[in-house]
Structure formats: structure tokens, C-alpha cells
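First comes the structure, then the notes that go with it.
The values are calculated or read from the model by the stated rules, or taken from the named source; none is laboratory data. Nothing here was measured: the structure is a model prediction, and the numbers come from that model. For neighbour counting, all protein chains shown are included, and Cβ atoms are generated from backbone atoms with ideal geometry for every residue, glycine included.
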């Protein structure tokens with residue numbers, strides 16, 4: 001049976017939570033362990049959202065698929081260990097989401113990151129919209 005209630009989908013990074021610390025530290029971990037200088041904290045936000053391989057190509061200026069894959073792997077390892085937990089929920093989000101859920105609205109979360117990370121983060125925050133579905137990536 002189809003629900004007649006509206007559904008709301010929230011972007012996890014940048015709408016519900018601030019991911020800058022975890023993503024920035026994970027980017028810089030990958031860069032430092034690969035011999036590159038870290039990026040400034042003030043530059044992190046420009047790299048939140050795009051695919052990691054694009055980000056590392058832009059930062060390092062390399063086109064080597066193997067090297068980019070190494071950087072992405074180092075970022076993901078640190079992010080999986082601690083980076084995901086370094087994000088913070090924006091003030092008032094928990095109450096807002098709870099209020100919407102209490103009104104019977106269907107809620108969802110979306111992210112450009114891997115689904116298991118998104119689900120882990122939503123569960124960490126204890127939000128009622130704690131089931132994320134991966135978006136289909138468009139090919140260029």
C-alpha cells in the first residue's frame with residue numbers, strides 16, 4: 001500500500017551534519033602519508049561532496065589511477081576508523097527530525113558517500129531516518 005504522506009529526504013553532509021573535521025583530517029592523513037602537504041582547514045569545504053578520486057586529482061595534480069587509488073584507500077581507512085565519528089550534528093537537527101517523524105512523515109537520508117558509512121552516521125546520531133540508500137551515480 002502506498003502512503004499518501006509526504007516523504008522528506010535530507011542530505012547528510014552539510015544539511016544535517018557538519019562533516020568538515022572528519023573529512024578534512026582523513027584527506028590530510030592520506031596526503032601526509034603519501035608525501036604531500038596537508039590542505040588548510042579553510043579549504044576543506046571545497047572538497048566535500050565530489051568523488052574522492054576527483055578530489056585527490058585536483059589536490060595533487062596527478063592522473064595516475066594507481067596513486068589516486070592509494071590516496072582514496074588511505075582516506076577511507078582513516079574515515080572508517082574515526083573520521084565518520086568526527087562530524088557533528090547541526091544545532092536543532094535532532095529536535096527537528098524528531099518533530100517531523102512524530103508527525104508521521106516518511107524521512108530519509110542521502111549522501112554521496114558509501115551507504116554503510118551513511119547508515120553508521122545516522123545511527124550514531126540516533127536519528128529516526130536511519131536507513132540510507134545509495135544514490136545512482138551518473139556517468140559523464
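Worth a mention:
- Residue 55 vs. criteria part of a loop (DSSP other than H, G, I, E, B) and more than 17 Å from residue 119 (Cα to Cα): no
- Subset of region 49-85 [crowded, with 18+ Cβ neighbours inside 10 Å and under 14 Å from the mean Cα position of the chain (by Cα)]: 52, 55, 75, 78, 79, 83, 84
- Test: residue 97 is in a helix (DSSP H, G or I) and in the same structural domain as residue 126 (by TED's automatic domain parsing): yes
- Candidates 22, 35, 14, 49, filtered to the one that is at pLDDT 90 or above and on the phi > 0 side of the Ramachandran plot: 35
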